[in-house]
Amino acid sequence: MILIVDDKSENLIALKKILETHNFSVDTALSGEEALRKVLKYNYKLIILDVQMPGMDGFEVAEAISGYSKTKDIPIIFLSAVKINKQFISKGYASGGRDYLIKPIDPDILVLKMRTFIKLYEQTDELNRVQHALMEEIEYRKEAESKKDEFISIASHELNTPLTSVKGYLQLAEKSFEKDNKDGTRMYLDRTKTQLNKLNQLVADLLNTSKIVSGKLEYSFREFDFEPFLDSAIDIIKQSFPHKNITKNGTADVRIHGDPLRLEQVILNYLTNAIKYSPDNDEIFVDVALMPHNKVNIKVRDQGIGIPLEKQDQLFDKFYRVEESSNRFQGLGMGLYICAEIIRRHSGTYGVESEPGKGSTFYFTIPVKSEN
Ligand code: ADP
């Protein structure tokens, strides 16, 4: 839309008529003040501005318009009486004008100029838009790059920790062996094994994450009984963490169509997290229940450090770790992301309820075979 600013309404009407017959849409203002109000409120592609007006003159209005970031690129064309001197013209350009129209106006020249300036304005606008999008894209890249660097540094640290322990325990085992100390050798070899298992888990998580990203995580679906499956998963954890009390409540004597190894991965992950994030409390509960609409629900409850409410909806995101606890507990933030992917693949739902200092309940629900 073009804005014409002139204190004489007969001039406005005449200009408006010429432009409208050439299909331009036109708005008008009878003073500089009114023009300023309008440019801030509406979007114009061009402004025709009378130089001599009572109150704010055209130059003052142009200066104000080119001072606002919203309007600084709108081309301004001054409208002036025939006799203007050089000084007047330079003042016009200095205040942000692009061109002059001398009264009386030749309609053909007017329309040609309007077309050229509007085209220029549209091109500038498009260029600005492209530049803005490019800048955003560059920023986003930069951001991804720094996230990647951060991840590599955490991952190297996480992998290095068990590796260093393995080296240390093997040296101790060797010394015990040289001294014919069978018990010592066995103890250090057991610790080596624990560290190797950690390492193995980290590498498996890294591989799983990269497979999820590329859509290549394999599943092998079959039918199986849920109850013995759940008991066996809990037993694995009980054997690895004999000092923790894991209590199962409820039963679900149903059959599931799913990938038992992947679902076991979810349960083991929920349980190891419950243990890891409750260093001062040994009680863990697994609640299993059948839900309406042929679903089974599994909850893993701990009485550990808990999670602030505002962090809870990000827990299942890739590489997300709660900042407050990330220094105290090792991890890469991949476990829950992998769980979420596996549960979704089983048409299930997942979530968390937690209170800082009181503990967390991580749950998931998956469909059971409908004939149950
Ligand atoms: P990791 O434990 O390797 O950091 P996860 O993806 O398993 O990665 O968990 C993501 C984050 O969720 C953890 O860093 C931790 O902050 C939080 N979290 C997970 N489980 C619990 C829990 N039971 N109690 C408190 N915080 C937890």
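Here are some notes:
- For K182, a cut-off of 14 angstrom between C-alpha atoms picks up these aspartates and glutamates, skipping any fewer than 8 places away in its own chain: E174, D190.
- By the helix-only formula, in which each DSSP H run with n ≥ 4 contributes -39500 (n - 2.57) and the sum is divided by residues, the chain has a 222 nm mean residue ellipticity of -18000 deg cm²/dmol.
- Folded to 0 to 90 degrees: helix 335-345 orientation relative to the chain principal axis, Cα: 80
- Counting only residues at least eight positions apart within a chain, or on another chain, the lysines with an alpha carbon under 26 Å from that of K179 are K167, K193.
- Take V166: with every protein chain present and a 1.4 Å probe, its accessible area is about 20 Å².
- Geometric extent, Cα atoms of segment 153-221 - Rg, Dmax (angstrom): 16.6, 52
- Computed extension gain for L207 through K70, at 0.36 nm per residue and net of the alpha carbon distance, reaches 44.4 nm.
- Using only alpha-carbon positions in segment 1-153, the gyration tensor eigenvalues give semi-axes of 39, 17, 14 Å once each is multiplied by 5 and square-rooted (largest first).
- Summarising the strand pairing of the chain, around 55 percent of its internal DSSP beta bridges are antiparallel.
- D253, D57, reordered so the largest accessible area comes first (probe 1.4 Å): D253, D57
- Proximal lysines to K72, defined as alpha-carbon separation beneath 20 angstrom and excluding residues fewer than eight positions away on the same chain: K38, K41, K45, K91, K113, K119
- DSSP-loop trypsin sites (Lys or Arg not before Pro) across segment 185-278, with at most 12 other Cβ within 10 angstrom: K216
- Carbon plus sulfur fraction of accessible area for segment 1-147, probe 1.4 Å, in percent: 56
- Segment 17-27 - phi-based ³J(HN,Hα) in whole Hz, Karplus 6.51/-1.76/1.60, Gly and Pro as x: 4, 4, 5, 5, 5, 9, 6, 8, 8, 10, 10
- Cα→Cβ-extended label distance, 7 Å offset, between D317 and T194, nm: 3.4
- Label zone at K238, where the point sits 7 Å out along the Cα-to-Cβ direction: segment 277-292 residues whose backbone N lies under 19 Å: 282-289
- In this view, the solvent-accessible surface of S156, computed with a 1.4 Å probe and all protein chains in place, comes to about 60 Å².
- Probe 1.4 Å - accessible area at F88, Å² to nearest ten: 60
- Of D6, D313, the residue with the largest accessible area leads and the full order is D313, D6 (1.4 Å probe).
- Principal axis dimensions, largest first and in whole angstrom, of the chain by Cα: 112, 59, 38
The values are calculated or read from the model by the stated rules, or taken from the named source; none is laboratory data. No experiment lies behind these values; they were computed from the predicted model shown. Cβ atoms come from the backbone with ideal geometry, glycine included; neighbour counts cover every protein chain shown. Just the protein is used for accessible areas: all its heavy atoms, side chains included, with ligands, DNA and RNA removed. Shrake-Rupley method; radii C 1.70, N 1.55, O 1.52, S 1.80 Å.
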